[in-house]
């Protein structure tokens, strides 16, 4: 049984200037170790981001919603161990 | 966009049930959170019992555990729960379980015969689990912010150990305060890491934490120098956060991010004030007025400001209960700050009535926060139920 990835860092996208969001998210994800995750906090569903992650990392990315609106979305984006 | 079909998603990517992630099923987490809030309410009553003689049984025994109920029973449980969810390991939930039970036994012990060391021992256990949990995060990612949060947990454990060994709670206040302050500072540092402060800023942070921690550790043994260091650490940390926290920017946005920023910045102001007060007074327990003012500047002005701001984000992550932002939230935040100002002026100017009314209004602010949070959550649940029940109804415009 695969254990769930552990969140080691939180990115609150609302606090990042729009042009920096994509680089920060992907740089942070890139630095994760297997079994590690980042928690993404956003004000809308980051579904398009999921597709980008799949394009880059395929099934190595674990995408789990911890909160789904209406004001705040929180997604645990992990590197599968 | 890639052309991948949904069928290529792994099981975890198909997760659409919020909170299903996190190690322990949500229904098992809720009793722990509930016990945490029981400790909060008992802690508030205990605080009121310290302000004026309360006509309830065992008022003075309850009053004596005001601090432990708030710091360990309530905050220790909520922080422990949040960390366990993030770590997503079942063992990490033993921490908030221990502190939740400890709080319950502390309350029970006021009325019946409970061995007096059981509560403190459970709090120590809970804090040790938090140390391990933060250690696990550190091993995943060694950085200034993860180290700071681990130090916070260590400070909590140190204070609990002192209490278990029979120390007076007054002596371990700086350690317990450091637990909460470093936990919050670590989390803010983590966020600011993504938009690094200047090099000078990054270099300043570790020494500030060192001064704060050294002061907290020294204070029981060497009061004068310990409290001076602790106070300087508070002031320096507050100034650092006011200078480098992204809240400076997000306060110019709107709705929830703006509300969080207002909570943060006003909290930092109270932290700085507490430091100045302790520095001027030469200690925290030099007299009861200074003790009351400084403690509540930290634990109400700073810590509860943080709680008010972060509840709409942390509660859903831990419980899947959504708490949409309401502009009404500014009401209990304002009440918190106004009542605290009243209380502190009453303390320092020796106006007993102002102090007492301020204290009562503090309690009202926290109760109002709980009610507003429940109301927002209930309204969200109701509107979601309605939307689910009538998806084809559409809107006639």
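The values are calculated or read from the model by the stated rules, or taken from the named source; none is laboratory data. On a predicted model such as this, the values are computed, not experimentally measured, just so you know. Ideal geometry is used to build each Cβ from the backbone, glycine not excepted, and the neighbour counts take in all protein chains shown.
Any chance the stretch B:118-128 includes a residue that's farther than 28 Å from residue B:25 by Cβ and in a loop (DSSP other than H, G, I, E, B)? The answer is no; no qualifying residue exists. Residues that are at the interface with chain B (Cβ under 7 Å from one of its Cβ atoms), out of contact with any helix residue (DSSP H, G or I) (no Cβ under 6 Å at 6 or more places or on another chain) and part of a strand (DSSP E or B) within the stretch A:27-59 comprise A:39, A:41, listed in sequence order. Count of the stretch B:49-70 residues, restricted to those that are touching a residue at least 40 places away in the same chain (Cβ under 8 Å), under 19 Å from residue B:114 (Cβ atoms) and surrounded by fewer than 18 Cβ atoms within 10 Å (Cβ to Cβ), is 3.
On the given criteria, is residue B:192 at pLDDT 95 or above and assigned to a helix (DSSP H, G or I)? In short, no.
Of everything listed in (1) over 26 Å from residue B:324 (Cα atoms); (2) at the interface with chain B (Cβ under 9 Å from one of its Cβ atoms); (3) touching a helix residue (DSSP H, G or I) at 6+ places or on another chain (Cβ under 8 Å), the single unmet condition for residue A:24 is (3). Is there a residue in the stretch B:193-204 that is away from chain A (no Cβ under 14 Å) and touching a helix residue (DSSP H, G or I) at 6+ places or on another chain (Cβ under 7 Å)? Taking every residue of the stretch B:193-204 in turn, at least one turns out to be away from chain A (no Cβ under 14 Å) and touching a helix residue (DSSP H, G or I) at 6+ places or on another chain (Cβ under 7 Å). Only a single item in (1) closer than 13 Å to residue B:86 by Cα; (2) at the interface with chain B (Cβ under 7 Å from one of its Cβ atoms); (3) not in a loop (DSSP other than H, G, I, E, B) is not met by residue A:78, and it is number (2).
Among residues of the stretch A:1-21 being in contact with a helix residue (DSSP H, G or I) (Cβ under 6 Å, 6 or more places away or on another chain) and more than 7 Å from chain B (Cβ to nearest Cβ), the one that is farthest from residue B:24 (Cα to Cα) is A:21.
Considering every residue within the stretch B:260-276, establish whether at least one is without any contact (Cβ under 8 Å) to a residue 12 or more places away in the chain and assigned to a helix (DSSP H, G or I). Within the stretch B:260-276 (the criterion being without any contact (Cβ under 8 Å) to a residue 12 or more places away in the chain and assigned to a helix (DSSP H, G or I)), the answer is no, since none of the residues qualifies. Among residues of the stretch B:222-254 being touching a helix residue (DSSP H, G or I) at 6+ places or on another chain (Cβ under 9 Å) and not in a helix (DSSP H, G or I), the one that is nearest to residue B:277 (Cα to Cα) is B:245. For the stretch B:214-250, the set of residues classified as surrounded by fewer than 17 Cβ atoms within 10 Å (Cβ to Cβ) and within 14 Å of another protein chain (Cβ to nearest Cβ) consists of B:248, B:249, listed by residue number.
Within the set B:129, B:90, the sole residue that is within 30 Å of residue A:75 (Cβ to Cβ), out of contact with any strand residue (DSSP E or B) (no Cβ under 6 Å at 6 or more places or on another chain), within 14 Å of chain A (Cβ to nearest Cβ) and at pLDDT 95 or above turns out to be B:90. Any residue that is buried (at least 20 other Cβ atoms within 10 Å of the Cβ) and either at pLDDT 95 or above or in a helix (DSSP H, G or I) (or both) - is there at least one of those in the stretch B:278-290? Within the stretch B:278-290, one or more residues are buried (at least 20 other Cβ atoms within 10 Å of the Cβ) and either at pLDDT 95 or above or in a helix (DSSP H, G or I) (or both).
In the stretch B:153-171 there is at least one residue matching the filter, namely being within 27 Å of residue A:28 (Cβ to Cβ) and either in a loop (DSSP other than H, G, I, E, B) or within 21 Å of the chain's Cα centre (by Cα) (or both).
Of the candidates B:206, B:220, the single residue that is touching a residue at least 60 places away in the same chain (Cβ under 8 Å) and over 14 Å from residue B:294 (Cβ atoms) is B:206. The single condition among (1) farther than 30 Å from residue B:326 by Cα; (2) at the interface with another protein chain (Cβ under 7 Å from one of its Cβ atoms); (3) in a strand (DSSP E or B) that residue A:63 does not meet is (1). So for the stretch B:178-186 (the condition being within 14 Å of chain A (Cβ to nearest Cβ), under 29 Å from residue A:81 (Cβ atoms), within 20 Å of the chain's Cα centre (by Cα) and not in a loop (DSSP other than H, G, I, E, B)), does at least one residue qualify? Yes, the stretch B:178-186 contains at least one residue that is within 14 Å of chain A (Cβ to nearest Cβ), under 29 Å from residue A:81 (Cβ atoms), within 20 Å of the chain's Cα centre (by Cα) and not in a loop (DSSP other than H, G, I, E, B).
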